[in-house]
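What follows is a short report on a single structure.
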Amino acid sequence: MNIQRVKLYHFPLSRSARVKWLLHELLGDDFDVETVALFEGQQYHPPYLERNPNHAVPVLAITQADGSVFTMIESGAMIALLADCFPDQKLAPPAETFSSARADYLQMLHFGASWMDMMLWQLRLQRDLLPEQERDQRTIARYLDKFAAEVEPQLTARLERSDFICGKQFTAADCVIGHNVMWARMYDLCGGAPFSRYLRTLEKRPAHQAAFADCSQFIARRD
Ligand SMILES: N[C@@H](CCC(=O)N[C@@H](CS)C(=O)NCC(=O)O)C(=O)O
């Protein structure tokens, strides 16, 4: 294993919580976490901008066997990479050759980290973070409708068939989709029984409990 140590730059319940959850699944508590004070602007301080010019969490600093540090700045990429780096944990279908299980897993991971995320981010920005006079009610309505009409039925169909998003087994894609479902519930989306059942199943996992133990520190709105 070429990974010596990992350090996650994190803010409770934000996109870094997806990565923290997977790290707890893979490593227990054997990794470092630094909370970034997003609402005090720590992400704009020069040392942080050197790590991530996009001034965002998560950042994952991976110390390699030779002591060098590689820094990642995209949660979806972190999750795909970490799951592949620990194949014994079986949180990702193997990559060696084509399999429909691998294709479906990658598709759901990226559906969560890009397509769903794009809509949830618009809701977060327009509803909670922008100054009042810049908030656009039409954008909020558009993405609430689009998410409910297009995303929810796709997820519901999967969760009616099986416990996890890609079938009978928990995979790293559940760290993304599960986190997004929690996020969507802030906007009264994903309210149906299959989602409640899914979240109850996920919440039983010790790694999920560890990842979200700090969620009372989340700041819901910038008023
Ligand atoms: N595509 C990135 C987005 C990261 C992102 O936007 N993070 C938010 C928290 S969820 C953030 O740190 N925002 C602070 C800022 O933009 O100043 C990822 O998924 O890693």
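Are there any pairs, at least 6 apart or on different chains, whose C-beta atoms fall under 9 Å, with the first in segment 197-219 and farther than 21 Å from S14 by Cβ and the second in a helix (DSSP H, G or I) and of a type in the set (F, W, Y), and if so, which?
Nothing qualifies.
For a quick check of your reading: which helices (runs of 4 or more DSSP H) sit entirely within segment 104-223 and have at least 3 residues that are away from the ligand (no atom under 16 Å from the Cβ) and not aromatic (F, W, Y)?
Those helices (runs of 4 or more DSSP H) span 137-146, 152-161, 193-203, 206-211.
Suppose we keep only residues that are under 19 Å from the mean Cα position of the chain (by Cα) and free of Cβ contacts under 8 Å to residues at least 24 places away in the same chain within segment 81-96. Which one would you say is surrounded by the most Cβ atoms within 10 Å (Cβ to Cβ)?
L81
Of the numbered conditions (1) touching a residue at least 60 places away in the same chain (Cβ under 8 Å); (2) of a type in the set (S, T, N, Q); (3) out of contact with any Lys or Arg (no Cβ under 7 Å at 6 or more places or on another chain), T63 fails exactly one; give the number of that condition.
Condition not satisfied by T63: (3).
When segment 107-128 is examined, which residues are found to be among the aliphatic types (A, V, I, L, M) and buried (at least 18 other Cβ atoms within 10 Å of the Cβ)?
Listed by number, the residues that qualify are M108, L109, A113, M116, M119, L120, L123.
Just to verify a result, which residue in segment 112-129, among those that are in contact (Cβ under 8 Å) with a residue 24 or more places away in the chain and of a type in the set (A, V, I, L, M, F, W, C), is farthest from L155 (Cα to Cα)?
Filtering first and then ranking leaves L129.
Looking at F164, F170, which is the one that is in contact (Cβ under 8 Å) with a residue 60 or more places away in the chain and surrounded by 13 or more Cβ atoms within 10 Å (Cβ to Cβ)?
Working: F164 fails: in contact (Cβ under 8 Å) with a residue 60 or more places away in the chain.
Result of the check over F164, F170: F170.
What number of residues in segment 195-217 are crowded, with 16+ Cβ neighbours inside 10 Å, of a type outside the set (A, V, I, L, M, F, W, C) and closer than 10 Å to D163 by Cα?
2
Every number here is computed from the coordinates shown, using simple stated rules; none is lab data. Computed from a predicted structure; not experimentally measured. So basically every Cβ, Gly included, is an ideal-geometry build from the backbone, and we count neighbours across all protein chains shown.
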